[in-house]
Amino acid sequence: MDCAHASELTLADFDFDLPPELIAQQPLPTRSASRLLHVRPDGLDDLHFTDLESQLTADDVLVFNDTRVIKARLFGRKAGGGRVEILIERILAPRAAGGETNSAWALVRTSHAPRTGTEFMIGDDNEVRATVLGRHEDFFHLRFDRDLASILDRFGHVPLPPYIAHADGAVDEERYQTVYANVAGAVAAPTAGLHFDPQLLARLRARAIAMFSLTLHVGAGTFQPVRASRVREHVMHGERYSISPATAEGINQARAAGKRVVAVGTTSLRALESSATAAAMMEHDANTAAHVRAGDGETRLFITPGYRFRIVDRLLTNFHLPRSTLLMLVHAFAGRERMCSAYAHAIRARYRFFSYGDASLLERAR
């Protein structure tokens, strides 16, 4: 990575060489057995994830993303022959109350881009039929011939990221899901939360560390590469989020009392910062005192160096892909030079990268 000051950031500024053997292909036997790199303003600490307990005090407030990963990947064939892979991005609400949810936006991988009217068959005996209704950018509008939830339950696969080489199995059904997952809708896991087990959560509660949950459904766009060479030209995919009144009130009260907000994962951070931005816009004052606004929304917030954070003070996150929007986010949060040093150290120290990999605890640059 080029961490020198640049007047305009390019995709190459967020590239780095990662030895392929450092890409974690399987979860560790125990969730909390992963390593933790604490990125401080004045140095780095090599820790174990269970050491997180000693890094938090009653002045910290943890915010989790309780989205639940659905079995969003389907395999089938085109009616005229040829294999097809479908990754559901968003299940669409039925037109009539009480109706079946049988349509969705999805990524479709096949030998040739399908046209409107193309039909796909799913199941060994072609039990399910899906029809292409249209396309918007990379996503296809599909209509299925029955309720999509039942299709995914029977034929769906865990939507493992493309850098994980093995086919999904029973281990992935359990481990590519947080222990506190609650609201179904994500097609990728909020991976920072994968390190928490019930025992660690219980110990944190016993120390009176406050915990709140929100929901951001991670979409299939998270797998899409950044194609624009100039960072500012990239457009984020939309992701739905929901923040309850209890969570908003609890976080706002904690901040008023001088406590630190610790986002568990970039998805929690983006939901909180999007909410604060929306609140400021509604009040027609970008300089208003930052606060979390309860409610539902959709965010395309693209965080790059120079972004002014309103809510989050500390970030718990995994190690991210080169040239990715998440790598840009952590550079914005902790500082470019600090993150370049941290990633170089993580590679030398053989940390495990990406979804099933190790974690880092970042302090916000001031």
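The values are calculated or read from the model by the stated rules, or taken from the named source; none is laboratory data. Note that the structure is a prediction, hence the values are computed from the model and not measured. Note: ideal-geometry Cβ built from the backbone for every residue, glycine included; neighbour counts use all protein chains shown. With ligands, DNA and RNA removed, areas are computed over all heavy atoms of the protein, side chains included. Shrake-Rupley method; radii C 1.70, N 1.55, O 1.52, S 1.80 Å.
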Matching residues, the stretch 318-339, being assigned to a helix (DSSP H, G or I) and open to solvent by less than 20 Å² (accessible area, probe 1.4 Å): L327, M328, L329, V330, H331, A332, F333, A334, M339
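Just checking, how many residues over the stretch 339-358 are closer than 24 Å to P162 by Cα and of a type in the set (A, V, I, L, M, F, W, C)?
So the answer is 5.
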Here is a list of conditions, (1) in a helix (DSSP H, G or I); (2) charged (D, E, K, R); (3) crowded, with 16+ Cβ neighbours inside 10 Å, and E21 meets all of them except one; can you say which number that is? (3)
Would it be correct to say that L62 is open to solvent by 50 Å² or more (accessible area, probe 1.4 Å) and either of a type in the set (G, A, S) or part of a strand (DSSP E or B) (or both)? no
Evaluate the stretch 297-310: report whether one residue or more is in contact with a helix residue (DSSP H, G or I) (Cβ under 8 Å, 6 or more places away or on another chain) and assigned to a helix (DSSP H, G or I). no
Inspect the stretch 204-219 for any residue being closer than 30 Å to T10 by Cβ and modelled with pLDDT under 95 and give the result as yes or no. yes
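Given the condition open to solvent by 10 Å² or more (accessible area, probe 1.4 Å), small (G, A, S), in contact with a Cys (Cβ under 9 Å, 6 or more places away or on another chain) and farther than 21 Å from H237 by Cα, answer yes or no: does some residue in the stretch 276-292 qualify?
So far as the stretch 276-292 goes, no, none of its residues is open to solvent by 10 Å² or more (accessible area, probe 1.4 Å), small (G, A, S), in contact with a Cys (Cβ under 9 Å, 6 or more places away or on another chain) and farther than 21 Å from H237 by Cα.
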I'm trying to understand the selection: among the residues of the stretch 311-349, which are closer than 26 Å to A248 by Cα and in contact with a helix residue (DSSP H, G or I) (Cβ under 7 Å, 6 or more places away or on another chain)? I311, V312, L315, L316, T317, N318, L326, L329, V330
Just to be sure, is L133 open to solvent by 30 Å² or more (accessible area, probe 1.4 Å) and in contact with a strand residue (DSSP E or B) (Cβ under 8 Å, 6 or more places away or on another chain)? yes
Per the filter on the stretch 28-46, residues without any contact (Cβ under 8 Å) to a residue 60 or more places away in the chain and assigned to a strand (DSSP E or B) are G43, D45
Among (1) assigned to a loop (DSSP other than H, G, I, E, B); (2) under 25 Å from A33 (Cβ atoms); (3) touching a strand residue (DSSP E or B) at 6+ places or on another chain (Cβ under 6 Å), there is one condition S355 misses while meeting the rest; what is its number? (3)
Run L361 past the list (1) in a strand (DSSP E or B); (2) over 23 Å from A188 (Cβ atoms) and report the number of the one that doesn't hold. (2)
Answer yes or no: is there a residue in the stretch 43-53 that is modelled with pLDDT under 95, surrounded by fewer than 15 Cβ atoms within 10 Å (Cβ to Cβ), under 25 Å from the mean Cα position of the chain (by Cα) and not polar (S, T, N, Q). no
List the residue pairs whose Cβ atoms are under 6 Å apart, where the first residue sits in the stretch 250-277 and is within 11 Å of V292 (Cβ to Cβ), the second is of a type in the set (S, T, Y), and the two are 6 or more positions apart or on different chains. A271/Y241; S274/T299
Of all the residues that make up the stretch 339-352, how many are among the basic types (K, R) and in contact with a strand residue (DSSP E or B) (Cβ under 6 Å, 6 or more places away or on another chain)? 0
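Which of the residues that make up the stretch 102-130 are polar (S, T, N, Q) and surrounded by 15 or more Cβ atoms within 10 Å (Cβ to Cβ)?
N102, S103, T110, T118
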Kindly evaluate A279 against the criterion of being out of contact with any strand residue (DSSP E or B) (no Cβ under 9 Å at 6 or more places or on another chain) and at pLDDT below 95. yes
Out of all the residues in the stretch 278-285, is one or more aliphatic (A, V, I, L, M) and under 21 Å from L204 (Cβ atoms)? no
